[in-house]
1. Skipping prolines and chain starts, which residues have an amide H placed within reach, meaning under 5 Å, of the one on V60, given they are 5 or more residues away or on another chain?
2. Amide H of L166 versus every other amide H placed in the peptide plane: which residues, excluding those fewer than 5 positions away on the same chain, fall under 5 Å?
3. Using a basic spin-label model with each label point 7 Å from the Cα along Cα→Cβ, how many nm lie between E187 and D92?
4. Note down the magnitude of the dipole of the stretch 53-123 about its Cα centre, charges +1 on Lys and Arg C-beta and -1 on Asp and Glu C-beta and zero elsewhere, to the nearest 20 debye.
5. Given Cβ point charges of +1 (Lys, Arg) and -1 (Asp, Glu) and nothing else, what value in debye, to the nearest 20, does the dipole of the stretch 146-203 about its Cα centre take?
6. For V60 and L83, calculate 0.36 nm times their separation in residues minus their Cα-Cα distance, and state this gained length in nm to one decimal.
7. Could you calculate the contour length gain from I144 to V76, that is, 0.36 nm times the residue separation minus the distance between their Cα atoms, to one decimal place in nm?
8. Under a 5 Å amide H to amide H cut-off, with H placed in plane at 1.01 Å, what residues pair with W79 once short-range neighbours are removed?
Amino acid sequence: MRARVGLGRLHTLAMRHRLGRRSLAIALAVLAGWSVAVAQAQAHETVERWGRTVPVMVAVNDVPLGHVLSLDDVEVSPWPVGLVPAAIAEFDRDDLVGRTVTAAIAAGEPIHPVRLAPVGLGGLAALLPPATNGVAIDRSDVSIAVEVGNRVDLGTISIDGDARPLATGLLVVAVGDQNLTVAVPTERSAEVALAAMRNEVTVSLRGGS
């Protein structure tokens, strides 16, 4: 009789164990389903709020004017498709390598083709805006600290000794030990170059540059 009771208890315990395992499996399945549902809901909410995303090339760090891009400078980041111009969306990482930056790009900012020199164009030529020529100014004529990317005004002294402007708002594209190079509108470049050759140029730094 006692043996039968013992066997009954063992059977009951085994049944409870199996039921416990089934309950745990069901609970885990419910939890997994709930997690998937939450993830889907969050994804749906993101799509509703921002729209579908597309991979975009962005700058890893701040990229200065004149820098030549490498693979280390760019990374892929998902951006809402509604915020991405077609010109950016069509970019591939290989399209960016070796391109010269013509306007500073902030870290995390999408890389737009308007801020890059044309393919195959490098050096100072890549930094000159359209319809400009690079003119070198002797640094001995410059009494202020000037950096690449600054904007400057150039002036000269007339025969009568009067100061007059030559060109304003010029982009500084290079600064060397002896010269600085500025981008001068093509129609003014001959006059500026002549004044620079005669060391008759004054340089003023523009605020906010």
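1. Counting only residues 5 or more places away or on other chains, the set is V74, E75, G108.
2. Amide H neighbours of L166, under 5 Å, 5+ apart: L154, G155, T156.
3. Between E187 and D92, the label points sit 4.2 nm apart.
4. Details: 3 positive and 9 negative charges, 37 e Å.
For this selection, approximately 180 debye.
5. Numbers: 4 positive and 8 negative charges, 20 e Å.
Taking the Cα centre of the stretch 146-203 as origin, the dipole is about 100 debye.
6. Numbers: separation 23, 0.36 × 23 = 8.28 nm, distance 1.92 nm.
Taking V60 through L83 to full extension adds about 6.4 nm, to one decimal.
7. Numbers: separation 68, 0.36 × 68 = 24.48 nm, distance 4.05 nm.
Result: 20.4 nm gained on full extension.
8. V54, V56
Only the coordinates and a few stated rules stand behind these numbers; no lab work does. Note that this is a predicted model, so its numbers are computed, not measured. Glycine gets a Cβ as well: all are built from the backbone with ideal geometry, and neighbour counts include every protein chain shown.
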